[in-house]
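Below you'll find the structure, written out as C-alpha cells, and then a few comments.
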Amino acid sequence: MQTRPYDLLIFDWDGTLSDSAIHIVDCMQRATRALGLAECSAANIRNMIGLSLQEVIQRLYPGITSGQQRELIQEYREEYLLRNWRVTPLFAGARQTLEQLRDAGYHLAIATGKSRRGLECELAEHDLQDLFVLSRCADETLSKPDPLMLQEILTDYNTSADCALMIGDTEYDLQMAANIGMAALAVSYGAHDRERLLALQPIACLDAITELPAYLNDLKHCPQ
C-alpha cells in the first residue's frame with residue numbers, strides 16, 4: 001500500500017511560517033536600550049532567532065548577571081506582546097500551504113523558540129489554531145537544538161522520528177532534528193542562508209513554503 005512519505009509535519013514558526021524577524025530584532029533592541037545595555041546588531045539578533053529567549057540573551061550578553069537576564073527577558077516580552085505588539089504577517093502562501101497539507105491527510109505540529117503566550121497570540125490573530133494537532137514552545141521545554149521538544153511532540157502524538165519531518169529556516173531546527181534521528185527540510189528565505197543550511201544536509205532546501213506540497217508529493221512513497 002502506498003502512503004504519504006511522512007505522517008507528521010513539524011514546523012518552526014518564526015522565519016518558516018511567520019515573517020517576524022524585523023519585529024523580533026526591533027523589540028530586542030528596544031528592550032536593551034530601555035535597560036541601558038549595549039545594543040546588539042540586527043544581524044547578531046537575527047542569527048539567534050529560533051533559540052529560546054533565555055538562550056538568546058545568554059549568547060548576546062554573556063557577561064550580565066542572572067538578575068539582568070530576567071529583567072531583559074521581561075522587558076523584551078513587554079515590548080513584543082504589549083507596548084510594541086503587532087500582527088506579524090505569514091509568508092506568502094503559508095496559510096494555503098498548511099490547508100493543502102492538512103487536506104492531503106498530513107498532521108501538522110509546531111516546534112518553536114517562542115513562548116507559549118507569544119505563539120497562542122499569533123495563532124489566534126491568524127486563526128490557525130485548528131490546523132495544528134500539537135505544539136511545543138521554548139518556555140515549556142529545552143531550547144533548540146536540544147531535541148527534547150521534538151521528543152515530547154512524538155510522545156504526545158504516539159509516533160516515531162522516522163514518521164515525522166522537521167521543517168525550519170535555521171541550523172538550530174536542522175540540528176535538533178538530527179539529534180533525534182528525524183529527517184529535516186530547510187527553507188532558504190528565513191534567518192539563516194542557504195549555504196549554512198545545506199552544510200547540515202537537509203533532505204531539501206526550498207525557496208518558498210508553497211513548494212512543500214509538490215515536493216512531498218514527488219517523494220518516493222514508502223510501504224506502510
Return one number: the angle in degrees, 0 to 90 and rounded to the nearest 10, between the long axis of the Cα atoms of helix 66-78 and the longest principal axis of the Cα atoms of the chain. 70
Tell me the relative contact order for the chain as a rounded percent, counting alpha carbon contacts under 8 Å between residues six or more apart. 28
Over all alpha-carbon pairs of the stretch 21-83, lay out the pair-distance distribution in 10 Å bins, whole %, shortest bin first. 23, 65, 12
Given H placed on each backbone N at 1.01 Å, which residues far from residue 206 in sequence or on other chains put an amide H within less than 5 Å of it? 186, 187, 188
Centroid-to-centroid separation of the stretch 94-152 and the stretch 164-204 [C-alpha atoms, Å]: 16
So how strong a dipole does the chain carry about its Cα centre when Lys and Arg Cβ are +1 and Asp and Glu Cβ are -1, to the nearest 20 debye? 320
Which of the peptides 178-190, 11-23 is most tightly packed, and how do the rest follow, going by the mean number of other Cβ atoms within 10 Å of each residue? 11-23, 178-190
Per the charge dipole of the chain (beta-carbon charges, Lys/Arg positive, Asp/Glu negative, Cα centre), the residue among 81, 3, 37 reaching farthest to the positive end is 37
Between the residues 109, 93, 60, the Cα farthest towards the positive end of the dipole of the stretch 1-149, that dipole coming from +1 and -1 charges on the beta-carbon of Lys, Arg, Asp and Glu, is from 60
Once you have a ≥ b ≥ c as the square roots of the Cα gyration tensor eigenvalues for the stretch 130-224, tell me rounded if a/c is under 1.5, and otherwise prolate or oblate according to whether a/b is larger than b/c. oblate
MRE, 222 nm, helices only [DSSP H, n ≥ 4, -39500 (n - 2.57), over the chain, to nearest 500]: -12000 deg cm²/dmol
Step through the residues of the stretch 30-40 one at a time and calculate ³J(HN,Hα) from phi using the Karplus curve (6.51 cos²θ - 1.76 cosθ + 1.60, θ = phi - 60°), rounding each to whole Hz and writing x for Gly and Pro. 4, 5, 5, 5, 4, 9, x, 8, 4, 6, 7
Summing Lys, Arg as +1 and Asp, Glu as -1, what charge do residues with Cβ under 12 Å from the Cβ of residue 48 carry, residue 48 excluded? 0
State the antiparallel share, in %, of DSSP beta bridges confined to the chain, rounding to the nearest 5. 10
Packing rank of 167-176, 110-119, where each peptide gets the mean count of other beta carbons within 10 Å, highest leading: 167-176, 110-119
The stretch 128-164 scanned against label point 7 Å out from residue 96 along Cα→C-beta; backbone N under 18 Å for 128
Rounded if a/c is under 1.5, else prolate if a/b is larger than b/c, else oblate: which is the stretch 48-176, with a ≥ b ≥ c the root eigenvalues of its Cα gyration tensor? oblate
Positive-pole candidate from 143, 210, 28, dipole of the chain, charges at beta carbon: 28
Using the basic label-point model (7 angstrom from Cα toward the beta carbon), what is the residue 201 to residue 175 distance in nanometres? 1.7
If you wrap a convex hull around the Cα atoms of the stretch 108-154, how much volume per residue is inside, in Å³? 60
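Laboratory data are not the source of any read-out in this text; all were calculated from the coordinates shown. As the structure is a computational prediction, the values presented were derived from the model and not from experiment. Here Cβ is always computed from backbone atoms with ideal geometry, including for glycine, and neighbour counts include all displayed protein chains.
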